[in-house]
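**Q** Could you have a look at this structure, given as structure tokens, before my questions?
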Amino acid sequence: MITSAPPASREERRATRSSDDSITAWALDARRGDADAVERLVRALHRDVQRYVAHLCADPQAVDDLAQDTFLRALGSLHRFEGRCSARSWLLSIARRAVVDSFRHAATRPRLSDVPDWLPAAERAQSPHTPGFDDGVALLDLLTALPAERREAFVLTQLLGLPYAEAAVLSGCPVGTVRSRVARARATLLNLLTEADPASAV
């Protein structure tokens with residue numbers, strides 16, 4: 001059973017801000033040529049970029065390539081990063097553009113075949129006895145049922161922990177719209193959970 005995630009505590013928000021400050025400092029050091037800072041920056045944000053890209057793109061097999069493209073673009077434009085926003089937000093905005101560009105590129109090419117059914121292979125590759133396995137698969141299934149805008153807002157704020165203001169900048173919409181999309185995504189997910197498992201509503 002999946003329960004809705006509780007809102008982040010004050011300590012968790014403070015830790016995220018502290019982490020973002022460190023990551024942004026590494027990006028600024030990397031801009032000045034610090035190779036260690038580049039490595040720390042990539043390590044710190046690699047998982048967030050992959051998760052964000054995975055929720056935006058329709059092709060799970062393209063996630064690694066899109067994440068790599070994101071970091072190549074970011075490292076190529078580090079000289080323009082001035083720290084006006086967090087490095088996390090900056091990198092996720094680059095990831096979003098990489099996904100959009102991949103959609104545009106794919107639209108100009110004829111499609112030879114459908115994407116293979118990857119989910120059964122992924123389920124076979126991971127032990128079903130892994131803690132949280134069923135919940136993780138169920139959450140992915142439920143997230144795909146959300147409209148793209150709501151899914152993006154939910155992933156950015158609830159899974160990646162971005163503040164609503166930064167999610168709004170990334171999504172190109174007002175903060176109130178992001179809040180509304182997250183609230184609607186939560187309501188939809190709760191309804192889907194209730195339909196799938198009436199006991200979860202108790």
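The values are calculated or read from the model by the stated rules, or taken from the named source; none is laboratory data. Keep in mind that what you see is a predicted model, and the values were worked out from it rather than measured. Don't worry about glycine lacking a Cβ; one is built from the backbone with ideal geometry, like all the others, and counts go over all protein chains shown. In case anyone asks, the SASA skips ligands and DNA or RNA and just uses the protein heavy atoms, side chains included. Shrake-Rupley method; radii C 1.70, N 1.55, O 1.52, S 1.80 Å.
**Q** Please go through (1) at pLDDT 85 or above; (2) out of contact with any Leu (no Cβ under 8 Å at 6 or more places or on another chain); (3) among the polar types (S, T, N, Q) for residue 194 and return the number of the only condition it doesn't satisfy.
**A** (1)
**Q** Sticking with this one: Give the residues of segment 164-195 that are outside any helix (DSSP H, G or I) and either open to solvent by less than 30 Å² (accessible area, probe 1.4 Å) or touching an Asp or Glu at 6+ places or on another chain (Cβ under 9 Å) (or both), sorted by residue number.
**A** 173
**Q** Condition first: on the phi < 0 side of the Ramachandran plot and open to solvent by less than 60 Å² (accessible area, probe 1.4 Å). Now tell me which residues in segment 149-162 satisfy that.
**A** Those that are on the phi < 0 side of the Ramachandran plot and open to solvent by less than 60 Å² (accessible area, probe 1.4 Å): 151, 152, 153, 154, 155, 156, 157, 158, 159, 160, 162.
**Q** Starting from residues that are at pLDDT 90 or above and part of a loop (DSSP other than H, G, I, E, B), keep the ones in segment 54-81 and report whichever is surrounded by the most Cβ atoms within 10 Å (Cβ to Cβ).
**A** 81
**Q** List every residue pair whose Cβ atoms lie under 7 Å apart, where the two residues are 6 or more positions apart in sequence or sit on different chains, the first residue falls within segment 81-107 and is free of Cβ contacts under 8 Å to residues at least 40 places away in the same chain, and the second residue, located anywhere, is assigned to a helix (DSSP H, G or I).
**A** Pairs found: 94/70; 94/73; 94/74.
**Q** Quick test of your reading of the structure: residue 137 fulfils all but one of (1) open to solvent by less than 50 Å² (accessible area, probe 1.4 Å); (2) modelled with pLDDT of 80 or more; (3) closer than 24 Å to residue 60 by Cα. Name the failing condition by number.
**A** Looking at each condition in turn, residue 137 falls short on (2).
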